[in-house]
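A short worksheet on the structure shown next.
The values are calculated or read from the model by the stated rules, or taken from the named source; none is laboratory data. None of the values given here were measured: they were computed from a predicted structure. Here the Cβ positions follow ideal geometry from the backbone for every residue, glycine too, while neighbour counts run over all protein chains shown. Note: areas computed on protein heavy atoms with side chains; ligands, DNA, RNA excluded. Shrake-Rupley method; radii C 1.70, N 1.55, O 1.52, S 1.80 Å.
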Amino acid sequence: MFGSRSSVGNWCGRVAPIPVPIPNLNPNPIIHCPRSSLQLTARRRFSFSPMEDAKEQEYASHSDLLHQFTAIPTIDKAWLFNSHTIDMASQAMFCVSQPNLLTNKRKKSIVSASLLRQTDATVAFHWAPFPIEFSGVSAMVPSPSASKLLIVRNPESEGPCRFEIWSSSQLEKEFHVPQSKHGSVYTDGWFEGISWNLNETCIAYVAEEPAPAKPTFNDLGGYQKGGSSDKDCGTWKAQGEWEEEWGETYAGKRQPALFVIDITSGEVQAVKGIDKSLSIGQVVWAPTLEGSVQYLVFVGWSFETRKLGIKYCYNRPCALYAVKAPHYESKANETETYSTEDVQAVNLTQTISSAFYPRFSPDGKFLVFVSARSSVDSGAHSATDSLHRIDWPEDMKLYQSSKIHEVIPVVLFAEDGSFPGLYCSNILSDPWLSDGHSLVIASVWHSSQVLLSINVLSGEILRITPANSNFSWSLLTLDGNNILAVSSSPVDVPQLKYGAIVKNTTNNEEWSWSDVSNPIFKCSDKVRSLISSLTSSIMKISVKDVSESLTKGASQPYEAIFVSSKTKKSDACDPLIVVLHGGPHSVLLSSFSKPLAYLSSVGYSLLIVNYRGTIGFGEEALQSLPGKVGSQDVNDVLTAIDHVIDLGLASPSKIAVLGGSHGGFLTTHLIGQAPEKFVAAAARNPVCNLALMVGTTDIPDWCYVETYGTKGRDKFTEAPSAEDLTLFYSKSPISHLSKAKTPTLFLLGAQDLRVPISTGLQYARALREKGVPTKVIVFPNDVHGIERPQSDFESYLNIAIWFNKYCK
């Protein structure tokens, strides 16, 4: 439904050579012929109000400016490697991407730097003169010692999956794994799991299981026993039985399964002892004793009759399992094969409904994991997390009854300024500080993302990024007590930060953060000038009409981020765009968003509302929304708008509204429930009719939970009753359509399984039937997020032109 949890877009001296080389990652470089203009004609466009309505000059100037914003690169991953020859020296490697509009893909490159740490805890970065572009690379994973680098290249068609092992100077090994063994390796960030063992002899990973055999017939229609190869022109294959998939973005993907490759021989084995009903992800190697069997720990998701959509849905039950690996090191240091055919995987977390992101401590004495049990137990797709620890047995005897220690509980309500709960969307593969029991994690804290240090033995939580700042932070990598992170705000381009522990004036330890001059986050002079004229703040919005039935958490103020010009051009206010996140249990962070910065730079103020139900404010506030969608969230948005009008920051006659997914649900609700409030609207893949959506979405349970509340989890059925459908309709924007009169732009992904295109088209056609100015753009190859570079670009370009037409 929803976009990610953080919905903004979806952030001296001679030093030894980098221990991991940058291999030739682009073996088949493509030279693009220059073109006279950007071609966006690969997309089929349906429009009730043609693009030609916009003046060509306005369209061209907006296009040029938007391109300058979207060209700002993003750091996807980073690694720090210690120098083996020089103390206080390290090497850094950054995986950087930026959209390539001509190819409609993201162009990726590697940027490297040498680091020399100073005695005063500062660091000097010496950057390589140029980045190195790479293509065709699905995953890069350095080994624990940083002496080897794994490159995975997934096939684009039916070819083999390629594994490359690089040393510090050359390609050491290359293995081609055929489709008969497994399909593409999962690199999606959820099922994804690629892990080296400590001896660096084997790699465990998650890949698509082999395609099942399909019935084969000859040219006369006769059944052919034993099948045939795909290249046999004298036969044809039937479709076979349809199989369930995990919904949005996983269409066409086969069941994720666990494999191990021996990097000496290239032998690949499927890990045995795992129930076929489990979908596997996030594998790590367990610590091992010399000569003992090696274990793998992984996350397993089960399902009963249907695989419901899993992307951004933390409410899918999952558990941690341990299973013997098919390869292990014997005392003679010879690789042996151990059959696990009769040994079943052990469920380590039977007493809790959710467990994922397993991480072993550096000494191997305990296993830490995150749980979304509050999501699973309530049915909300995302909620407040908890953190847990299992003490790992020294004798390697694993039990299903292992005691689970709660490190951080689910926070129901937090007093102002205190820790609001854990909201974690990722953990580094090596998140540990040098003490071996404190991990660093990024977590949402109200409308910002912060970095936390968590002592998993005592449960102590420290906010290690500045508390008096409205910036948001993302964690890149750490090496001991040295951290690389990125900090930004709605009006500040991302800045690379280096963190280290120092002694303050009272001789106590504290975190010191310094800016790192870098060539990555470069932007044009025009962009920098425009955003320098903007300012942002985070506002507290008091809940209107507090009743005794509300919990304490649901009665507390929520927040809105306000972005505006630093100076008023006249007595009149700039037009206001109200920006609404999806979910509804996600958040719009106080971080830099290229499309939102573009909109604020062309003369709009922004009111980014994190209404009650948003993550980052405690579980009580979040759980106040299910069962009240279309009313509580709508009222929260209207209250926030009235707040800025009362402050003289917005004109009531120049307000537009923009939202996607559940934000589109709110957008279309608002133009129906408050038709006099808005002069223009734009909705990306909006939920407009729950009664229509419930039968076609990959998450029908979402419709029940958000409509009925927590009890909807148990009411969910694939065959909704007439009573269900009536209530779904009454909660939907389409029930208020008769009052709607706001000119509205719809941006729809034709491949969207989360909010199928039919619900948006139905509402748009009904608006058009009423004579309301309506424009629809359909992106034939986009899913729910509309994230392909050309589609994202055209979306926000048309949003700006549409709002200009009706707001200015």
Spread of Cα-to-Cα distances over 20 Å intervals beginning at zero, given as percent, for the chain: 15, 48, 33, 4, 0
Sequence of Phe303, Phe779 from largest to smallest accessible area, 1.4 Å probe: Phe303, Phe779
Cβ charges +1 (Lys, Arg) and -1 (Asp, Glu), total dipole of segment 359-445, debye: 240 debye
Gained length - Leu102 relative to Thr567, 0.36 nm times residue gap less alpha-carbon distance: 163.6 nm
Neighbourhood charge, 14 Å Cβ-Cβ cut-off, centred on Ala204 and excluding it, Lys, Arg +1 and Asp, Glu -1: -2
Two-decimal ratio, segment 352-477, of alpha-carbon radius of gyration to 2.2 N^0.38 Å: 1.07
For segment 737-798, convex hull volume per residue from C-alpha positions, Å³: 76 Å³
Accessible area of Arg389 in the full protein assembly, 1.4 Å probe (Å², nearest 10): 30 Å²
Candidate residues Lys105, Lys276: accessible-area rank, largest first, probe 1.4 Å: Lys276, Lys105
Average accessible area per residue (Å²) across the chain - probe 1.4 Å, nucleic acids and ligands excluded: 42 Å²
Apportionment of accessible area to carbon and sulfur, the chain, percent (1.4 Å): 50 percent
Segment 678-808 pair-distance distribution - Cα-Cα, 10 Å bins, rounded %: 13, 38, 33, 14, 2
Cα-based Rg and Dmax for segment 548-595, where Dmax is the largest Cα-Cα distance (Å): 15.6, 45
Interchain or long-range residues, amide H under 5 Å from Asn610's placed H: Glu559, Ala560, Ile561
³J(HN,Hα) computed for each position of segment 794-804 - Karplus, 6.51 cos²θ - 1.76 cosθ + 1.60, integer Hz, glycine/proline x: 5, 4, 6, 5, 6, 4, 5, 5, 5, 5, 4
Accessible area of Asp120 in the full protein assembly, 1.4 Å probe (Å², nearest 10): 100 Å²
Global form of segment 506-572, assessed from the alpha-carbon gyration tensor, a/c cut-off 1.5: oblate
Share antiparallel - DSSP beta bridges, the chain, percent rounded to 5: 85 percent
Ratio Rg/Rh [Cα only; Rh per Kirkwood] for segment 139-196: 0.98
Compactness index (Cα Rg / 2.2 N^0.38 Å), segment 67-223: 1.35
In Å², nearest 10: area of Asp698 left accessible to a 1.4 Å probe: 10 Å²
Kirkwood Rh, Cα atoms: Rg over Rh of segment 466-552: 1.13
Taking the C-alpha atoms of segment 358-430, convex hull volume expressed per residue in Å³: 121 Å³
Alpha carbon convex hull of segment 628-688, projected area averaged over orientations, nm²: 3.8 nm²
Cβ-placed point charges (K, R +1; D, E -1), dipole of the chain about Cα centre in debye, nearest 20: 2200 debye
Tyr729-Glu200 pseudo-label distance in nm [points 7 Å out on the Cα-to-Cβ vector]: 6.6 nm
Segment 567-681 - Rg and Dmax from Cα coordinates, angstrom: 14.1, 44
Note, ³J(HN,Hα) from phi for segment 90-107, Karplus 6.51, -1.76, 1.60, rounded to Hz, x at Gly and Pro: 9, 10, 10, 9, 10, 8, 10, 9, 8, x, 10, 5, 5, 8, 6, 9, 8, 7
Prolate/oblate/rounded label for segment 505-624 (Cα gyration tensor, a/c 1.5): oblate
Shape of segment 195-313, Cα gyration tensor, a/c cut at 1.5: oblate
Under-5 Å amide H pairs with Glu133, H placed in peptide plane, nonlocal only: Ile110
For segment 751-765, Karplus couplings with θ = phi - 60° (6.51, -1.76, 1.60), whole Hz, Gly/Pro x: 9, 6, 8, 7, 10, x, 4, 4, 5, x, 5, 4, 5, 5, 5
Computed E for Thr264/Ser168 - FRET, C-beta separation, R0 22 angstrom, nearest 0.05: 0.75
